[in-house]
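Undergrad: Quick one: the structure is below, and I'll ask about it shortly.
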Amino acid sequence: FFVVVLSPPPHFFIAVGPLTITFNTLPTERTIISKNPYVQLGGLYSPPHCLARYKTAIIVPHRNREKQLRHLLYYLHPFLQRQQLQYRIYLIHQAGSGPFNQAKLLNIGVREAMKDDDWDCLLLHNVNLVPENDYNLYVCDEHYPKHMSSAIDKLQYSLPYWSFFGGVSALTPEHYMKMNGFSNTYWDRGGEHDDIAERIRLAGMKIVRTPLHLGRYKMMDLGQISGFAENAKKPAVLHTRTTWKDDGMNSLEFKVLAKQQHPLYTNISVDIGDPPMLPPLSKTQENKG
C-alpha cells in the first residue's frame, strides 16, 4: 500500500539541492542565531518578503541530546527558510530519568503545537537526523502520511524493510487524528514506527515516500547507532489491530512542567509518568523461567 511521491521542486523557493553535512565542529548557539536573523523567539519563522503557502510545525522529541540538537538546528533552520515555509521548531523534552517514550512525546508535541496555530503539517523529526537535500520538501502530502527519511546513511541509503516508517515523517493534523496518533505504550524500545505504519493501514490510508535520491539523511553517530541499525533490520511484533482505537491521542496523559521560548526553538518539558508495572511472576512462571 505504498506509493512514491515524485514532485518537482516548486518555483517559490531557491534550493541548493544536495547539501554537504558534517558533524566535525559543534556550532555555538550564538553562531546559529547570527546565521538566522529572521528567526523569532520560540524558533518561529515567517518569510519576510512573501506570504508562506505552508505552515509546518517541526516536532522533535529528546532527552539529554544537546549536541545533536545544536547540529540539527544549525542545518535545519536555513534548510526550512530556503523552502519559504512558515514554521516553528518544538523540542519536546522528557523530564526525569525513567524509560524514554518517543511516541508519547510526539503525541504531546502534536497536542501542544496545535494550541499555538492551525498548522498545515506536523513534521515528526528524530533529533539525530539531518536532511541532505533541500528539494526534500518539509510539507505534507494532501492525501496520505508521508515518510521523509527514505534513505538514511547508516542504513545504506535504502529501506531496511517495506513497512519502515522511522526517522522523519510528515502528517496533516487530520491524518494524525484519523489514526489516533502514536501508541503511548512503547517505553525504551523500538516498534513505535512499525505501529504507526500499521495504524495508517488500519485507518484506510497509504504511506507515500520521498524518493530515495531526495530523502537522504545523515545520522549523527554519538554511540547510539548500532542499536538503531539493529532494531531497524526487521519490523517489530505488533498488536496494533486490537489496541489502536483505544491507545493514542484519546488516552494521552501528561503534565507540562515548563514551556519556554528560546531564540531558536520552543522547549516543552513534560512529565509523562512511569511505565505500567508488570505483575509479579507466579511460582509456576518462575519455575518455567
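The values are calculated or read from the model by the stated rules, or taken from the named source; none is laboratory data. Worth saying up front: this structure is predicted, and the values here are computed from it rather than measured. Reconstructed Cβ throughout: ideal geometry from the backbone, glycine too, with neighbour counts over all protein chains shown. Accessible surface areas use protein heavy atoms only, side chains included; no ligands, DNA or RNA. Shrake-Rupley method; radii C 1.70, N 1.55, O 1.52, S 1.80 Å.
Undergrad: How many residues are open to solvent by 10 Å² or more (accessible area, probe 1.4 Å) and either not in a loop (DSSP other than H, G, I, E, B) or not hydrophobic (A, V, I, L, M, F, W, C) (or both) when one looks only at segment 126-139?
TA: Within segment 126-139, residues that are open to solvent by 10 Å² or more (accessible area, probe 1.4 Å) and either not in a loop (DSSP other than H, G, I, E, B) or not hydrophobic (A, V, I, L, M, F, W, C) (or both) number 5.
Undergrad: Looking at segment 94-114, I want the residues that are closer than 15 Å to Gly191 by Cα and open to solvent by 20 Å² or more (accessible area, probe 1.4 Å) and have a partner that is of a type in the set (Lys, Arg) and not in a helix (DSSP H, G or I) with Cβ atoms under 8 Å, at least 6 apart or on another chain. Which pairs are those?
TA: Phe100/Arg63
Undergrad: Continuing with the same structure: Considering only segment 129-137, I want to know if a residue exists there that is out of contact with any Lys or Arg (no Cβ under 6 Å at 6 or more places or on another chain), among the aliphatic types (A, V, I, L, M) and modelled with pLDDT of 95 or more.
TA: Yes, the conditions are met somewhere in segment 129-137.
Undergrad: Same structure again: Among the residues of segment 183-200, which ones are crowded, with 16+ Cβ neighbours inside 10 Å and either without any contact (Cβ under 8 Å) to a residue 12 or more places away in the chain or not hydrophobic (A, V, I, L, M, F, W, C) (or both)? Full working, then the answer.
TA: Within segment 183-200, the subset crowded, with 16+ Cβ neighbours inside 10 Å is 183-187, 190-200.
Of everything in segment 183-200, those that are crowded, with 16+ Cβ neighbours inside 10 Å and either without any contact (Cβ under 8 Å) to a residue 12 or more places away in the chain or not hydrophobic (A, V, I, L, M, F, W, C) (or both) turn out to be Ser183, Asn184, Thr185, Tyr186, Gly190, Gly191, Glu192, His193, Asp194, Asp195, Glu198, Arg199.
Undergrad: Going residue by residue through segment 196-210, is there one that turns out to be under 15 Å from the mean Cα position of the chain (by Cα), in a loop (DSSP other than H, G, I, E, B) and not hydroxyl-bearing (Ser, Thr, Tyr)?
TA: no
Undergrad: Restricting to segment 63-82, name every residue that is modelled with pLDDT under 95 and either of a type outside the set (D, E, K, R) or over 27 Å from Asn24 (Cα atoms) (or both).
TA: If the condition is that a residue be modelled with pLDDT under 95 and either of a type outside the set (D, E, K, R) or over 27 Å from Asn24 (Cα atoms) (or both), then Asn64 is the only one that fits.
Undergrad: Any idea how many residues of segment 29-52 are closer than 8 Å to Pro263 by Cβ and among the polar types (S, T, N, Q)?
TA: Number of matching residues: 0.
Residue by residue, here is whether (1) within 13 Å of the chain's Cα centre (by Cα); (2) outside any strand (DSSP E or B); (3) small (Gly, Ala, Ser) holds:
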residue: Lys104; (1), (2), (3): yes, yes, no
residue: Asn107; (1), (2), (3): yes, yes, no
residue: Val110; (1), (2), (3): yes, yes, no
residue: Met114; (1), (2), (3): no, yes, no
residue: Trp119; (1), (2), (3): no, yes, no
residue: Leu123; (1), (2), (3): yes, no, no
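Undergrad: Only one of Asn64, Asn24 is at positive phi and exposed (fewer than 15 other Cβ atoms within 10 Å of the Cβ). Can you tell me which?
TA: Exactly one of Asn64, Asn24 is at positive phi and exposed (fewer than 15 other Cβ atoms within 10 Å of the Cβ), namely Asn64.
Undergrad: Hey, among the residues in segment 73-93 that are assigned to a helix (DSSP H, G or I) and free of Cβ contacts under 8 Å to residues at least 60 places away in the same chain, which one's surrounded by the fewest Cβ atoms within 10 Å (Cβ to Cβ)?
TA: Among those residues, the one meeting the criterion is Pro78.
Undergrad: Report, by residue number, each residue of segment 140-176 that is open to solvent by 20 Å² or more (accessible area, probe 1.4 Å) and closer than 18 Å to Gln84 by Cα.
TA: Once the filter is applied, which keeps residues that are open to solvent by 20 Å² or more (accessible area, probe 1.4 Å) and closer than 18 Å to Gln84 by Cα, segment 140-176 yields Cys140, Asp141.
Undergrad: Within segment 37-61, which residues are surrounded by 20 or more Cβ atoms within 10 Å (Cβ to Cβ) and in contact (Cβ under 8 Å) with a residue 60 or more places away in the chain? So that I can check it myself, show each step before the final result.
TA: Taking segment 37-61 as the starting set, the residues that turn out to be surrounded by 20 or more Cβ atoms within 10 Å (Cβ to Cβ) are 39, 43, 45, 56-61.
Hits for segment 37-61 are Val39, Gly43, Thr56, Ala57, Ile58, Ile59, Val60, Pro61.
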